[in-house]
1. Could you check the spin-label model distance between Q216 and Q204? Points 7 Å from the Cα along Cα→Cβ, value in nm.
2. Evaluate the stretch 52-128: find the radius of gyration of its Cα atoms, find its Kirkwood radius, and give the ratio Rg to Rh.
3. Could you work out the per residue convex hull volume over the alpha carbons of the stretch 270-309, in cubic angstrom?
4. If you wrap the stretch 129-182's Cα atoms in a convex hull and average its projection over all directions, what's the area in nm²?
5. Taking 2.2 N^0.38 Å as the expected size of a compact globular protein, what ratio does the Cα radius of gyration of the stretch 174-219 give against it, to two decimals?
6. With everything on Cα atoms, drop me the angle between helix 188-199 and the longest principal axis of the chain, reported from 0 to 90° to the nearest 10.
7. Taking the square root of 5 times each eigenvalue of the Cα gyration tensor, what semi-axes in Å does the equivalent ellipsoid of the chain have, largest first?
8. With the alpha-carbon atoms as the only input, what is the per residue convex hull volume for the stretch 437-506 in Å³?
Amino acid sequence: MSLDKIRLMSDFLRGGANQSHGRSVSAKGKHRMEVVIPNTSAEKLSGGSILNRSRSHWWNTSDSYQPSAPLVGQADVDVCIVGGGINGLSTAYHLKKLEPSLEVALLEAEVVGFGASGRNAGQIIMKFGGTSPERLVGSYGAERAREAWNYIHRGIALIQDLRLDEDIDCDYANTGTMNVCLRIEGDGHVDEAMRLMERMGQSQYVAYVESERVEQELGSNQFGAAYHESRGGQFNPLKLVRGLKRAAERRGARVYENSPVASIDTTENLMTLHTGLGVIRCKKLVLATNAFTHLLPGARRLGLAREQTPLMVKGVITQPLSPQQWERVGWPRRAGINIHSDLFYSFAPTADGRILYVGGYYTSAPWDRNLAPEIDTRLKRVGPDHLAAFFPALYGVGVAQTWGGPISITPDWIPHVGEARDPRILYACGCWGNGMPCGMQNGRTLAELALGKHTENADAWFVTRKKRKWPSRILAAFLAKGVIRKRHVANRRIGGRMTPPLRFPR
């Protein structure tokens, strides 16, 4: 069968899953979600899935890539993983590393790195889900916050070790991150973060940077004080994901791309997953589908329909800066910059001499199954003016591309990882757009859970706890949209006080 026909079948299944009516069928000892696929025109099928219309900078500048063959026929494995992002690939890699005799297969509906793992802003950040140190300590206490922060610390170390052990060239630069205040808001956020870092036992990794030095280093009078987090830095996420796939395959894991799951059957002894061209039977199932979790066939029956909801995040990357432009800009640390404010912006240099920036104002909450739009022309239009307002030396630097993609958010602001309603089924979601170190560590945690191990990861409080869910799929989108509207108001208010002011199109 040709690759075009395989992709046509994949698009057909995705289109059907997104527009079909499903019904749960049960029989003695067996549950199945049947998907009824309506008639679809060939013209619609040939268009591909909606996210393919906006490929990331990482994809557009990557080496040519040949996807693995899709699943054809039947396969029996010990563990099947659904999802070819950082969570799923890390799970496959660590399962084979911890227990080489296991039969492990991974199913990816598109190609590895198709979701947030291949679309993100290229920063490895010390952050646990969507929480700030203030929120984490305030909600869960200093001891649990320390455990969560150390989980991400181990995730960063895991990325650093794995790229060396498996010879993965992902343009990694251990520059750390500058977390800055806006001058018009004062230095309170940074001062409080420094106090909480000490309470969480993290003070050896952070350094306070006075506002005068921040202005000198960054060439901007918009920022107040900052703290520099030494862990993490910049990298090419798609190179990391593809390298992790190769590493998992070298250890014996089977990766099937263009293999969307159409149904999941569960019996007392086995779970069976049907794709367009094949069937996999497994004893353990790992759902590493993050922002796509609610789209899984049978998600409601599995208890995962309300676990998370997606947000669409958009970013812009500039044309390459000349050496003279970099000299005017400064940035001697070449660290990514994240603003501590309701007016959220993130800036990061790339290995090819560009600046990638993400604007929180342009986040959107899609309705349930409609993960669109993945680009925002307003950000492309006003982004250069905002960039120059923060960094005057960048005035006139052109935009090369804008793109976006879905991230996964949870109602309690922290990642969800652990057992589903059926303890043979494990899952991970809700990395809040900070998922590379978290996802890498989640993969190791899921592997340890699948093997029945009691470890520092598997026994962590956020793994074993009862997870908070969204009240309903519809309410999840309404609540997310409400938060976004509130942020829009705050962005316009704060931006209007800046000099020069930031203007946001309504």
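FYI, it's all coordinate maths here, none of it is from the lab. The structure displayed is predicted, hence computed values, not measured ones. Ideal geometry is used to build each Cβ from the backbone, glycine not excepted, and the neighbour counts take in all protein chains shown.
1. 2.9 nm
2. 1.01
3. 76 Å³
4. 5.1 nm²
5. 1.20
6. 60 degrees
7. For the chain, the ellipsoid semi-axes come out as 37, 25, 22 Å.
8. In the stretch 437-506, the Cα convex hull volume per residue is 167 Å³.
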